[in-house]
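J.: Okay, handing you the structure first.
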Amino acid sequence: MKLIYVVIDGMGDLPIKELGNKTPLQAAETPNMDFLAKTGKTGLMYTVGKGIAPESDVASVSILGYDPFKYDVSRGAFEALGAGLAMKDGDLALRCNFATLGP
């Protein structure tokens with residue numbers, strides 16, 4: 001059986017006045033996500049425990065079958081491996097988000 005996980009991470013937002021008090025997701029046209037939801041299997045997974053909101057790296061490690069309380073994988077190292085970069089003991093991988101602020 002072939003399996004693909006589509007992890008929707010970080011889509012939560014607040015309603016925006018300019019969008020008719022809808023969230024960006026509610027206002028978006030999402031035909032591909034609609035198709036996947038209609039034809040695939042959907043569900044909710046508590047990656048570290050019900051009521052705990054994990055960071056992306058913790059959730060991803062758990063989804064891949066590792067105990068996030070045993071294996072501390074930083075998001076920088078996780079994304080470096082995902083980009084095909086070889087990491088070895090002593091290496092440091094950092095990640096950041098760039099942003100600009102308007103006037």
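J.: Mind counting lysine pairs for me in the stretch 1-43? Cα separation below 29 Å, and the two need to be 8 or more apart along the chain or on different chains.
T.: Final tally of qualifying lysine pairs is 4.
J.: On to the next question. Under the classification rounded if a/c is under 1.5, otherwise prolate if a/b is larger than b/c and oblate if not, where does the stretch 1-42 fall, given a ≥ b ≥ c as square roots of the Cα gyration tensor eigenvalues?
T.: prolate
J.: Could you pull out the GluC sites (Glu not before Pro) across the chain that fall in loop regions by DSSP (anything but H, G, I, E, B) with no more than 13 other Cβ atoms inside 10 Å?
T.: Sites meeting the loop and neighbour criteria: Glu29, Glu55.
J.: What list of ³J(HN,Hα) couplings, whole Hz, do you get for the stretch 21-32 from phi and the Karplus terms 6.51, -1.76, 1.60, once you set θ to phi - 60° and write x for glycine and proline?
T.: Going residue by residue, I get 6, 9, 6, x, 5, 5, 7, 6, 8, 10, x, 6 Hz, with x marking Gly and Pro.
J.: Count neighbours as other Cβ atoms within 10 Å of each site's Cβ, and list the trypsin sites (Lys or Arg not before Pro) in the stretch 1-51 that are DSSP loop with at most 14 such neighbours.
T.: Hits after loop and neighbour filter: Lys2, Lys41, Lys50.
J.: Would you look at the GNM of the chain, springs on alpha carbons closer than 10 Å, and say which of Phe35, Phe69, Phe78 moves the most?
T.: Phe35
J.: Taking Cα pairs under 8 Å and at least six residues apart, what relative contact order does the chain come out at, in percent?
T.: Details: 54 pairs, mean separation 12.7, N = 103.
Averaging sequence separation for qualifying contacts and normalising by length gives 12 percent for the chain.
J.: Compare the Cα positions of Pro54, Phe98, Leu44 along the charge dipole of the chain (+1 at Cβ of Lys, Arg; -1 at Cβ of Asp, Glu; about the Cα centre) and return the one farthest towards the positive end.
T.: Of the listed residues, the answer is Leu44.
J.: Determine the shape class of the chain: with a ≥ b ≥ c the square roots of the Cα gyration tensor eigenvalues, call it rounded for a/c under 1.5, and otherwise prolate if a/b is greater than b/c, oblate otherwise.
T.: Oblate shape, in that a/c is at least 1.5 and b/c is the bigger or equal ratio.
J.: What residues qualify as long-range amide H neighbours of Lys22, i.e. H under 5 Å apart, gap of 5 or more or another chain, H built at 1.01 Å from N?
T.: When sequence neighbours closer than 5 places are left aside, the close amide H contacts are Ile16.
J.: Measure off 7 Å from each Cα along the Cα-to-Cβ vector at Lys88 and Phe35, then give the distance between these two points in nanometres to one decimal.
T.: For the pair Lys88/Phe35, the computed spacing is 4.4 nm.
J.: Okay, moving on. Apply the Karplus parameterisation 6.51 cos²θ - 1.76 cosθ + 1.60, with θ equal to phi minus 60°, to every residue of the stretch 54-62 and state each ³J(HN,Hα) to the nearest whole Hz, in sequence, with x for glycine and proline.
T.: Those phi angles translate into x, 6, 4, 5, 5, 5, 5, 4, 5 Hz.
None of the figures in this text is laboratory data; all of them are computed from the coordinates on show. Not measured: the values here are computed from a predicted model. For neighbour counting, all protein chains shown are included, and Cβ atoms are generated from backbone atoms with ideal geometry for every residue, glycine included.
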